[in-house]
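Student: Quick one: this structure, given as structure tokens, is what I'll be asking you about.
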Amino acid sequence: MNVVGIDLAVYERNPSGICIIKNKDENTLFVKTLLLYTDDEIIDFVSKQIADVVAIDAPLTMPIKGASREIYGLMRKRGMRAFPELFGFMKKLTERGIRLASAVKKYNIQVIEIHPRSSLFNMNVSRKDLFAAFPWLKNLTKDEIDAFVAAVTGLAYLLNEYEELSGIDGSIIFPSQSFMMLLTSRYKLYYVRT
């Protein structure tokens with residue numbers, strides 16, 4: 001398994017968090033994070049990872065009508081909060097997410113949309129719980145932590161331990177409610193410093 005999680009920044013001048021989770025064997029996963037800036041840097045890096053899936057924290061489709069997609073309405077009904085795609089800075093993030101996903105797909109890599117806070121919410125995991133399970137996260141930036149949650153969501157997707165909310169204008173993936181327990185009981189995760 002090889003998963004890339006991306007916490008995409010709105011602008012290329014700001015860092016985007018990147019996380020790679022690779023399996024060493026059936027019970028050992030290596031985690032690596034870094035910060036990249038431009039779309040070209042991200043695409044170049046992702047294209048060299050031979051990823052099974054890339055999980056991006058950014059809207060990957062535009063609303064068909066109105067300022068928000070149907071899936072965000074479904075998220076709100078479940079108690080998940082996210083900014084609408086056409087709300088101020090979110091329009092630029094959505095446009096960048098769509099461009100990046102399109103470029104990554106050209107390498108025959110599957111791309112999924114995720115939302116880190118909602119992924120944690122769906123697993124009933126707080127940031128405090130996350131730091132308790134993986135203490136090395138305390139030394140990372142918020143962007144790298146969100147990229148880690150994106151990669152965990154991608155891993156859940158590969159292991160068929162996910163939920164999907166779909167609407168007429170897109171879909172978003174969340175880990176199953178029991179995925180954090182499965183992750184911490186089945187695997188040892190080791191952070192690899194860059």
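Student: When you go through (1) open to solvent by 10 Å² or more (accessible area, probe 1.4 Å); (2) on the phi < 0 side of the Ramachandran plot one by one for residue 118, which number turns out not to apply?
Tutor: In the conditions (1) open to solvent by 10 Å² or more (accessible area, probe 1.4 Å); (2) on the phi < 0 side of the Ramachandran plot, residue 118 misses (1) alone.
Student: Out of all the residues in segment 172-194, which are outside any loop (DSSP other than H, G, I, E, B) and over 13 Å from the mean Cα position of the chain (by Cα)?
Tutor: Selection gives 179, 180, 181, 182, 183, 184, 185, 186, 188, 189, 190, 191.
Student: Does segment 59-76 include one or more residues that are open to solvent by less than 40 Å² (accessible area, probe 1.4 Å), aliphatic (A, V, I, L, M) and part of a loop (DSSP other than H, G, I, E, B)?
Tutor: yes
Student: When segment 86-124 is examined, which residues are found to be within 19 Å of residue 68 (Cβ to Cβ), hydrophobic (A, V, I, L, M, F, W, C) and not in a helix (DSSP H, G or I)?
Tutor: Of everything in segment 86-124, those that are within 19 Å of residue 68 (Cβ to Cβ), hydrophobic (A, V, I, L, M, F, W, C) and not in a helix (DSSP H, G or I) turn out to be 86, 87, 114.
Student: Residue under question is residue 38, and the condition is that it be among the β-branched types (Val, Ile, Thr) and either open to solvent by 60 Å² or more (accessible area, probe 1.4 Å) or at pLDDT 95 or above (or both); does it hold?
Tutor: yes
Student: Here are some residues: 9, 55. Which one is under 25 Å from residue 139 (Cβ atoms) and part of a loop (DSSP other than H, G, I, E, B)?
Tutor: Exactly one of 9, 55 is under 25 Å from residue 139 (Cβ atoms) and part of a loop (DSSP other than H, G, I, E, B), namely 9.
Student: On to the next question. Contact list please: Cβ distance under 7 Å, first residue in segment 127-147 and loosely packed, with under 14 Cβ neighbours inside 10 Å, second residue among the small types (Gly, Ala, Ser), pairs at least six apart or on different chains.
Tutor: Matching pairs, first to second residue: 141/17.
Student: Quick check: anything in segment 171-194 farther than 20 Å from residue 53 by Cβ, open to solvent by less than 20 Å² (accessible area, probe 1.4 Å), touching a residue at least 40 places away in the same chain (Cβ under 8 Å) and not polar (S, T, N, Q)?
Tutor: no
Student: Which condition breaks for residue 160 when tested against (1) assigned to a helix (DSSP H, G or I); (2) on the phi > 0 side of the Ramachandran plot?
Tutor: Every condition holds for residue 160 apart from (1).
Student: Can you tell me which residues in segment 41-52 are open to solvent by 10 Å² or more (accessible area, probe 1.4 Å) and either under 15 Å from residue 143 (Cα atoms) or touching a residue at least 24 places away in the same chain (Cβ under 8 Å) (or both)?
Tutor: 43, 45, 47, 49, 50, 51, 52
The values are calculated or read from the model by the stated rules, or taken from the named source; none is laboratory data. None of the values given here were measured: they were computed from a predicted structure. When we count neighbours, we look across all protein chains shown, and the Cβ atoms used for this are built from the backbone with ideal geometry, even at glycine. Heavy atoms of the whole protein, side chains included, go into the accessibility calculation; ligands, DNA and RNA do not. Shrake-Rupley method; radii C 1.70, N 1.55, O 1.52, S 1.80 Å.
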